[in-house]
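Right, one structure below, let's go through it.
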Amino acid sequence: MNINKIEHIGIAVKSIEESLKYYEGVLGLKCYAIEDVKDQKVKTAFLKIGETKIELLEATSNESPIAKFIEKKGTGVHHIAFAVNGIEETLVAVEKNGIQLIDSKPRKGAEGLDIAFLHPKSTGGVLTELCEKND
Ligand code: ZN
């Protein structure tokens, strides 16, 4: 397993605009990118803290996984993302260790990263994202 760092922490919000009043206005962080991820039906906003980022996730449709998450659990921490080297091999390795995959193959996420999710059922309740920068 080759995990480098926490790439970002994903937070489900009702409104990015409202949330930025806290993250920018109170905490003094800077939002440097807002991006639509169409296949996930979410709008994402990124703020950087050292090497790690906060990813704010706002649903753009009632069908969005984020809308469903907020309906069930309310707003708050949604997932944790680890930066890995060799995302395909890592997926094979975690699956061999009995971890249930949501994505058996990496797909493109925000910021052009290759991403794949592990099911929270087999990670102690934490939705876990693996990501790798591949240009
Ligand atoms: Zn993420």
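The values are calculated or read from the model by the stated rules, or taken from the named source; none is laboratory data. All values derive from a computational prediction rather than experimental measurement. Here the Cβ positions follow ideal geometry from the backbone for every residue, glycine too, while neighbour counts run over all protein chains shown.
Yes or no, residue by residue, for (1) surrounded by 13 or more Cβ atoms within 10 Å (Cβ to Cβ); (2) of a type in the set (S, T, N, Q):
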residue: 72; (1), (2): no, no
residue: 81; (1), (2): yes, no
residue: 112; (1), (2): no, no
residue: 121; (1), (2): no, no
residue: 134; (1), (2): no, yes
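Any idea how many residues of the range 17-47 are in contact with a strand residue (DSSP E or B) (Cβ under 7 Å, 6 or more places away or on another chain), away from the ligand (no atom under 14 Å from the Cβ) and farther than 14 Å from residue 109 by Cα? The number of residues fulfilling the criteria is 8.
If you go through the range 57-99 and keep only what is of a type in the set (D, E, K, R) and either on the phi > 0 side of the Ramachandran plot or within 14 Å of the ligand (Cβ to nearest atom) (or both), you end up with just 58. Residues in the range 106-124 that are modelled with pLDDT of 95 or more and assigned to a loop (DSSP other than H, G, I, E, B): 106, 119, 123, 124. Close contacts from the range 65-82, counting a first residue that is among the acidic types (Asp, Glu) and a second that is surrounded by fewer than 17 Cβ atoms within 10 Å (Cβ to Cβ), with Cβ to Cβ under 9 Å and a gap of 6+ residues or different chains, come to 71/62.
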